[in-house]
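Taking it in order: structure first as structure tokens, then the write-up.
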Amino acid sequence: MTATASDKTGAHTPEAADVITGARERIDSLDDRIIGLIQERMAVSAVIQEARITSGGRRVNLSREMEVLDHYRQALGKPGTALAMTMLELCRGRV
Ligand SMILES: C=C(O[C@@H]1C=C(C(=O)O)C=C[C@H]1O)C(=O)O
């Protein structure tokens, strides 16, 4: 194990450094996919908001947002609610 690999991973053995380096590549790939999905969600959400505003309605629909927040909370627990709130802000801006 090089000193550099140890510094980067925090591992104390070459075996652990290899595991961490490999798993981090998977995490980076997952994060790319998650970001892509969020961007896709933002685009779909924008279509809905545009249609509602054009029809004379409001951008935000709180009862629907409650359903989204509950969905995330049921799947991920309390931090899921915070995640969903951030995602809603990305999709419809600040309220
Ligand atoms: C997309 C919608 O419009 C807004 C954005 C939402 C979202 O991004 O999930 C949810 C509710 C609305 O505030 C919708 O009403 O479904």
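The values are calculated or read from the model by the stated rules, or taken from the named source; none is laboratory data. It should be emphasised that the depicted structure is a prediction, and the values quoted were computed from it without experimental measurement. Don't worry about glycine lacking a Cβ; one is built from the backbone with ideal geometry, like all the others, and counts go over all protein chains shown. Surface accessibility is based on the protein's heavy atoms, side chains included, excluding ligands, DNA and RNA. Shrake-Rupley method; radii C 1.70, N 1.55, O 1.52, S 1.80 Å.
Below are the figures for this structure:
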| read-out | value |
| --- | --- |
| Search result, residues across region 78-89 that are open to solvent by 90 Å² or more (accessible area, probe 1.4 Å) and within 18 Å of Met42 (Cβ to Cβ) | Leu83, Met85 |
| Every residue from region 38-47 that is in contact (Cβ under 8 Å) with a residue 24 or more places away in the chain and more than 9 Å from the ligand (Cβ to nearest atom) | Ile38 |
| Selected residue (criterion: farthest from the chain's Cα centre (by Cα)) from residues of region 48-95 that are assigned to a helix (DSSP H, G or I), within 8 Å of the ligand (Cβ to nearest atom) and without any contact (Cβ under 8 Å) to a residue 24 or more places away in the chain | Arg52 |
| Residue count, region 61-74 (criterion: touching a helix residue (DSSP H, G or I) at 6+ places or on another chain (Cβ under 7 Å) and open to solvent by 90 Å² or more (accessible area, probe 1.4 Å)) | 1 |
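Here is a yes/no grid of residues against (1) open to solvent by 60 Å² or more (accessible area, probe 1.4 Å); (2) more than 19 Å from Val95 (Cβ to Cβ):
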position: Asp28; (1), (2): yes, yes
position: Ile34; (1), (2): yes, yes
position: Glu40; (1), (2): yes, yes
position: Ser45; (1), (2): no, no
position: Arg52; (1), (2): yes, no
position: Arg59; (1), (2): yes, no
position: Leu76; (1), (2): yes, yes
